[in-house]
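First up is the structure itself, then whatever we jot down about it.
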Amino acid sequence: MTRIKNAVIEAVLSILIGFLCLPAWSQEQAEPQKPWMVSGGGGTKIAVYEYGSPTGPEILLVHGFSQSHLSWAKQYKAPELQKFRIVVIDLRGHGASEKPTNVESYNNGKVWADDINAVLEAKKLRKPVIVGWSYGGFIVSDYVRQYGDTNLGGIIFVGAGAQVGTEDAKTLYGPGMKPLLGMIDPRQEINIPSTAEFIRISTADPLSPEEFQEAFAYNMAVSPEVRLGLFSRTIDSNDALTKIKVPVLIVQGEKDAIVLVAAADYIAARIKHAKKSYYPNAGHIPFVEDSERFNREVAAMATR
């Protein structure tokens with residue numbers, strides 16, 4: 001028995017030694033970053049990560065419902081964006097951020113605005129381009145409503161929403177929203193397959209098995225209580241959208257089954273100077289589905 005145990009240990013050690021002998025760049029690419037915690041709205045701790053050049057033009061990436069800063073890996077790891085200072089957050093209730101379970105921590109636009117403001121101040125960001133994906137579009141509007149846009153260099157809305165629970169909202173979302181009902185259900189036999197379906201329907205073409213596995217993991221890290229909290233408020237962003245003066249780009253996947261093209265058109269109609277960039281072969285995650293094009297557009301916006 002001892003011989004077998006020793007043989008297993010030797011085999012494991014040989015595998016580990018093999019990994020340690022990989023080129024240095026492989027280890028650096030896989031190196032996880034510890035979050036920097038910022039006190040956001042109501043004192044909730046928000047996890048913040050920073051990549052790229054500390055002196056470069058600034059980009060702030062804000063993910064969507066039930067996601068994580070890891071959603072933006074094809075941006076903060078992209079060689080062509082390393083000249084920028086890229087700040088990424090985990091929204092409250094997501095990733096490594098604090099996860100209060102009371103609805104009041106999520107159904108008030110001011111706490112979301114305060115989260116963004118706290119990150120801007122703590123990181124001493126100077127007019128960053130802020131990118132709001134999906135639910136992140138609501139949060140960008142929350143910030144503008146509360147603080148204006150004078151501290152921003154530009155805004156990119158990506159598959160973003162502007163309305164929830166209003167009459168206008170009825171025409172802006174597609175069948176891809178159906179899994180959300182199961183995702184707020186505390187019963188795992190409903191919650192788990194609903195989450196998997198939500199990820200599958202998010203892209204026009206399937207993610208790779210590795211990408212799907214990672215996305216499923218960080219989606220499942222968000223509790224049903226938090227998910228419910230995010231949609232426990234009526235949202236009308238028109239007041240915020242119409243006061244935006246900074247440059248705006250609206251990115252939209254034409255095959256998005258969750259947030260329809262109509263939602264992008266809706267935002268564009270309220271921000272007259274906004275430019276539109278629609279991706280014919282992308283769904284709800286164009287920055288993953290066509291990351292090269294998206295990264296070029298972000299770079300162009302950030303170097304204005």
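Looking only at the range 217-244, how many residues end up being under 24 Å from P100 (Cβ atoms) and assigned to a helix (DSSP H, G or I)? Show your work before the answer.
The first filter runs over the range 217-244 and keeps only residues under 24 Å from P100 (Cβ atoms), leaving 217-235, 237.
Next, from what is left, pick out any that are assigned to a helix (DSSP H, G or I): 217-220, 224-230.
Selection size over the range 217-244: 11.
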Tally the residues that are within 24 Å of S291 (Cβ to Cβ), touching a residue at least 24 places away in the same chain (Cβ under 8 Å) and small (G, A, S), restricting the search to the range 187-224. 4
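Kindly indicate which of R233, R227 is touching a residue at least 60 places away in the same chain (Cβ under 8 Å), in contact with a helix residue (DSSP H, G or I) (Cβ under 6 Å, 6 or more places away or on another chain) and in the same structural domain as Y278 (by TED's automatic domain parsing).
Just one listed residue meets the conditions, R227.
Go through G56, G42 for me and flag whichever is surrounded by fewer than 18 Cβ atoms within 10 Å (Cβ to Cβ) and not in a loop (DSSP other than H, G, I, E, B).
Within the list G56, G42, the selection yields G42.
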Residue hits (the range 246-290; surrounded by fewer than 20 Cβ atoms within 10 Å (Cβ to Cβ) and of a type in the set (S, T, Y)) are S277, Y278
Take Y173 and tell me if it is modelled with pLDDT of 95 or more and in contact with a Ser or Thr (Cβ under 6 Å, 6 or more places away or on another chain). no
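From the list F198, F157, F216, F212, which one is under 23 Å from I244 (Cα atoms) and in the same structural domain as V103 (by TED's automatic domain parsing)? Break it down into steps so the answer makes sense when it comes.
Details: F198 fails: under 23 Å from I244 (Cα atoms); F216 fails: under 23 Å from I244 (Cα atoms); F212 fails: under 23 Å from I244 (Cα atoms).
The unique qualifying residue is F157.
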State all residues of the range 245-263 that are under 19 Å from Q67 (Cβ atoms) and outside any loop (DSSP other than H, G, I, E, B); if no residue qualifies, say none. V251, Q252, G253, V259, A263
Quick one: R293 ticks every box in (1) under 19 Å from G161 (Cα atoms); (2) assigned to a helix (DSSP H, G or I) except a single one, so which number is it? (1)
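The values are calculated or read from the model by the stated rules, or taken from the named source; none is laboratory data. This structure is a prediction, so every number in the text was calculated from the model and none was measured. Note that each Cβ is placed from the backbone with ideal geometry, even for glycine, and that neighbours are counted across all protein chains shown.
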